[in-house]
Amino acid sequence: MRKPALAAWQGDTAYRYGARLYVEGFFWEAHEVWEAVWKASSQNGVERLLLRGLIQLANAALKLTMGRGHAALRLLLEADALLGETAAAARSEV
């Protein structure tokens with residue numbers, strides 16, 4: 001089984017910066033950076049789905065820090081659905 005080529009967006013500085021912000025707990029900032037990458041991504045690409053899922057994940061983490069558990073749960077469920085769609089779409093592209 002061959003390994004898929006690295007997608008161009010995975011090497012994108014902004015995408016990676018957003019990931020670093022998220023890991024370090026800067027959820028709002030990660031969301032903002034990823035949103036810019038999302039806007040520049042291909043309309044029907046897998047990366048667009050992934051970025052939407054990551055943006056919702058960052059939103060959920062932010063809501064948790066704000067003590068808004070119900071909003072966080074709704075966003076986590078949305079992120080889970082988007083990331084599941086991403087996985088299915090990625091499998092069909094390989």
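Which shape class applies to the range 44-94: rounded if a/c is under 1.5, otherwise prolate when a/b exceeds b/c and oblate if not, where a ≥ b ≥ c are the square roots of the Cα gyration tensor eigenvalues?
On the way: a/c = 4.39, a/b = 2.78, b/c = 1.58.
It comes out prolate by the Cα gyration axes.
The phi torsions of the range 65-73, fed into the Karplus equation with coefficients 6.51, -1.76 and 1.60 and a -60° offset, translate into couplings of 5, 8, x, 9, x, 5, 5, 4, 4 Hz, rounded to whole numbers, with Gly and Pro shown as x. When the alpha-carbon atoms of the range 15-54 are used, the pair Rg, Dmax equals 9.7, 30 angstrom.
Over the range 45-87, average the accessible area per residue using a 1.4 Å probe and give it in Å², no decimals. It would help to have the intermediate numbers written out before the result.
Numbers: 2160 Å² over 43 residues.
Heavy-atom SASA per residue in the range 45-87 reads 50 Å².
Surface composition of the chain: carbon and sulfur make up 57 percent of the accessible area, probe 1.4 Å.
Sequence-ordered 3J(HN,Hα) estimates for the range 31-41 from the Karplus curve with 6.51, -1.76 and 1.60 and θ = phi - 60° stand at 4, 5, 5, 5, 5, 5, 5, 4, 4, 8, 7 Hz, glycine and proline given as x.
When the residues S92, S41 are ordered by accessible surface, computed with a 1.4 Å probe over the protein chains alone, the sequence from largest down reads S92, S41. The share of Cα pairs per 10 Å bin across the chain, counted from zero up to the longest distance, runs 18, 45, 29, 7, 1 percent.
Estimated at 0.36 nm per residue, the fully extended path between K39 and Y17 surpasses their Cα-Cα distance by 6.3 nm.
Can you give me the long-range amide H partners of S41? Hydrogens built in the peptide plane at 1.01 Å from N, cutoff under 5 Å, separation of 5 or more residues or another chain. Under 5 Å from the amide H of S41: no residue qualifies.
The values are calculated or read from the model by the stated rules, or taken from the named source; none is laboratory data. Quick caveat: nothing in here was measured; it's all calculated off a predicted structure. These accessible areas exclude ligands, DNA and RNA; they are computed on the full protein's heavy atoms, side chains included. Shrake-Rupley method; radii C 1.70, N 1.55, O 1.52, S 1.80 Å.
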